Amino acid sequence: VNDPLAAVLREIVGTQNVLVDPGIRAAFETDWTRRFHGVSRCVVRPGSADEVAMVLRACAAEHAAVVPQGGNTGLVGGGVPRGGEVVLSLLRIDGIEHIDPHLGEVTCGAGLTLGALNEAAGAHGLRLGVDLAARGSATVGGMVATNAGGINVLRYGMMRSQVLGFEAVLANGSVIDRLEGPAKDNSGYDLGQLLAGSEGTLAVITRLRLRLVPVLPHSAVALFGAPTPEAAIDLAQRARAHFDDLEAAEFFLPEGLDLVRHHTGASNPFRRRWAMYVLFEIASRKPDVLERFAEFMDTVPGLGEGQMDGTFAQDAMDRKRLWALRERHTEAINSEGVPVKLDVAIPLARLPRFLDEVRGAVTSFAPSARAIIFGHLADANLHVNILGADGHEEAVTGSVLRLVAALKGSISAEHGIGIAKSHWLGLTRSPQDIAVMRAIKRALDPEGILNPGVIFTDTARPVTPPARRR
Ligand code: 2HG
Ligand code: ZN
């Protein structure tokens, strides 16, 4: 309470926007899974880029580390304190400044949630091209900072593809304003793309100009049960070739379906148990989506002959019901315990081999652990959630990530490195790669104030204890 830094911050943002009460801070200090948490020095909630700049200058003067935070929906520990940092919450910078319905663009604060953005954009028949299950809480600033992926990547790309302009504050308090001007701009380095996926280690994003896409009025969702992963992959390839308006191709496995059904009370859409479930969504301006799904089903070998099964949603409620089987995996898993969450991508052709070997990779270090696997089939992006690995978290993580590296995959497809994967960065990024990344980090944040320990383990440093000076 007598921390002199908190006193300085109060002068900048107002007393009510510096949170020191442990009970009030708690929501900012623990991640969604409960796996990552730490006590912060305080939580500061600036209301503008200028205030962010003053906050960062004040923190730099005290050598106080800062953890930028959006909606706190991250899954790799990159947005919560490790212990002793100032949490810089962007939630107050959440204004919608301008929506241009003709250009399909929005200018808004970094702390705006995806849900609130889509509600406002929806009035103009528009939405953000990135969508994800955490839409109610995830903020656009956090989504850019982590280059979020989600369920529509195959159609619209990841979050970096939506960035048309940005405003951000560097660790030394200087404001970079690249909000306006033509999106088509090759006059030097693209700093917005550098910040996308930088996980709060290079700058604090304060405002964004984002591309919007049309809300397509007609959509159809189908769920298939496939006898093998190979058959599921073949099905996904067929759907990609068949439809030019495929916007999601997701998968889950029978253990995950059981868990979601147990957690939500949903019924099983199929009579028998399949090795892999694949969910597709198409969306269009034209109304013939159901007919086209029916046509597609006619082209799938084995369907209707008992070798594969498929069902499609008849109305919006049905679509929601099918999507829930996929989207409610995360919460169903959380209700069973604190999972080790891995987010990997595997070259599509090696995916069956990965699925064969991953359980062995887990149980060899944690015999009673179980892996629930689901994700984005079109992106070959698998979410490997391990329950019951208590005490063996690091060993299990290493074991699975080494398998991923051996198969030439990615150890973090869309969630980022955070602190959860920082020890394993070298598995898939070369020393030369990492040297360039470190040089960039040093150039933008020479004092190592911003999110120390995230991405690179050894940028973590002892945090200066409060109360010196003055
Ligand atoms: C999803 O695809 C999210 O639903 C969360 O990326 C994945 O909980 C997870 O592991
Ligand atoms: Zn995902």
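The values are calculated or read from the model by the stated rules, or taken from the named source; none is laboratory data. All values reported here derive from a predicted model rather than from experimental measurement. Positions of Cβ are backbone-derived with ideal geometry, glycine not excepted, and every protein chain shown enters the neighbour counts. Accessible surface is based on the protein model in full, side chains and every heavy atom, while ligands, DNA and RNA are left aside. Shrake-Rupley method; radii C 1.70, N 1.55, O 1.52, S 1.80 Å.
Values as computed for the structure displayed
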{"item": "Only one of Gly165, Gly192, Gly197 that is within 16 Å of ligand 2 (Cβ to nearest atom) and either hydrophobic (A, V, I, L, M, F, W, C) or within 23 Å of the chain's Cα centre (by Cα) (or both)", "result": "Gly197"}
{"item": "Residue that is farthest from the chain's Cα centre (by Cα) [pool: residues in region 1-51 that are open to solvent by 30 Å² or more (accessible area, probe 1.4 Å) and of a type in the set (Asp, Glu)]", "result": "Glu11"}
{"item": "Strands (runs of 3 or more DSSP E) wholly inside region 150-233 containing at least 3 residues that are surrounded by 21 or more Cβ atoms within 10 Å (Cβ to Cβ)", "result": "163-169, 204-214, 218-226"}
{"item": "Which listed residue, of Asp245, Asp258, Asp309, Asp234, is of a type in the set (Asp, Glu) and under 24 Å from the mean Cα position of the chain (by Cα)", "result": "Asp245"}
{"item": "Among the candidates Gly306, Gly337, Gly302, residue that is of a type outside the set (Phe, Trp, Tyr) and closer than 28 Å to Thr33 by Cβ", "result": "Gly337"}
{"item": "Any hit, region 424-431, residues being within 19 Å of Asn147 (Cβ to Cβ), open to solvent by less than 50 Å² (accessible area, probe 1.4 Å) and under 22 Å from the mean Cα position of the chain (by Cα)", "result": "yes"}
{"item": "Which listed residue is in contact with a Lys or Arg (Cβ under 9 Å, 6 or more places away or on another chain), farther than 28 Å from Arg240 by Cβ and modelled with pLDDT of 95 or more, from Ile419, Ile440", "result": "Ile419"}
{"item": "Qualifying positions in region 330-371 - more than 18 Å from Ala249 (Cβ to Cβ) and in contact with a Ser or Thr (Cβ under 8 Å, 6 or more places away or on another chain)", "result": "Ala332, Asn334, Val338, Pro339, Val340, Lys341, Leu342, Ala361, Val362, Ser364, Phe365, Ala369"}
{"item": "Identity of the residue in region 54-86, out of contact with any Pro (no Cβ under 6 Å at 6 or more places or on another chain) and assigned to a strand (DSSP E or B), that ends up farthest from Thr459 (Cα to Cα)", "result": "Gln69"}
{"item": "Ile434 being of a type in the set (Val, Ile, Thr), within 16 Å of ligand 2 (Cβ to nearest atom) and closer than 18 Å to Gly78 by Cβ", "result": "no"}
{"item": "Unmet criterion (only one of (1) open to solvent by less than 50 Å² (accessible area, probe 1.4 Å); (2) assigned to a helix (DSSP H, G or I); (3) more than 16 Å from ligand 2 (Cβ to nearest atom); (4) closer than 22 Å to Arg359 by Cα) for Gly337", "result": "(2)"}
{"item": "Identity of the residue in region 313-334, of a type in the set (Lys, Arg) and away from ligand 2 (no atom under 16 Å from the Cβ), that ends up least open to solvent (accessible area, probe 1.4 Å)", "result": "Arg319"}
{"item": "Complete set of residues in region 248-301 that are of a type in the set (Val, Ile, Thr) and not in a loop (DSSP other than H, G, I, E, B)", "result": "Val260, Thr264, Val278, Ile282, Val289, Thr299"}
{"item": "Test: Thr73 is out of contact with any strand residue (DSSP E or B) (no Cβ under 8 Å at 6 or more places or on another chain), within 16 Å of ligand 2 (Cβ to nearest atom) and within 19 Å of Gly136 (Cα to Cα)", "result": "yes"}
{"item": "Residue list for region 52-64, filter: open to solvent by less than 40 Å² (accessible area, probe 1.4 Å) and out of contact with any Lys or Arg (no Cβ under 8 Å at 6 or more places or on another chain)", "result": "Val52, Ala53, Val55, Leu56, Ala58, Cys59, Ala60"}
{"item": "Criterion: farther than 24 Å from Arg350 by Cβ and among the acidic types (Asp, Glu) - qualifying residue of Asp458, Asp433", "result": "Asp458"}
{"item": "The listed residue being under 28 Å from Ala380 (Cα atoms), of a type in the set (Asp, Glu) and either within 16 Å of ligand 1 (Cβ to nearest atom) or without any contact (Cβ under 8 Å) to a residue 40 or more places away in the chain (or both), out of Glu199, Glu119, Glu180", "result": "Glu199"}
{"item": "Residue list for region 132-149, restricted to those being more than 10 Å from the chain's Cα centre (by Cα) and surrounded by fewer than 23 Cβ atoms within 10 Å (Cβ to Cβ)", "result": "Arg135, Gly136, Ser137"}
{"item": "Qualifying residue in region 288-300 (condition: within 16 Å of ligand 1 (Cβ to nearest atom), among the β-branched types (Val, Ile, Thr), at pLDDT 95 or above and on the phi < 0 side of the Ramachandran plot)", "result": "no"}
{"item": "Residue check for Asp50: more than 30 Å from Glu394 (Cβ to Cβ), in a helix (DSSP H, G or I) and touching a residue at least 12 places away in the same chain (Cβ under 8 Å)", "result": "yes"}
{"item": "Check on Ala138, in contact with a Lys or Arg (Cβ under 9 Å, 6 or more places away or on another chain), of a type in the set (A, V, I, L, M, F, W, C) and within 16 Å of ligand 1 (Cβ to nearest atom)", "result": "no"}
{"item": "Considering residues of region 363-393 that are surrounded by fewer than 19 Cβ atoms within 10 Å (Cβ to Cβ) and part of a helix (DSSP H, G or I) only, the residue farthest from the chain's Cα centre (by Cα)", "result": "Thr363"}
{"item": "Single match in Gly306, Gly256, Gly310 (criterion: among the small types (Gly, Ala, Ser) and surrounded by fewer than 16 Cβ atoms within 10 Å (Cβ to Cβ))", "result": "Gly306"}
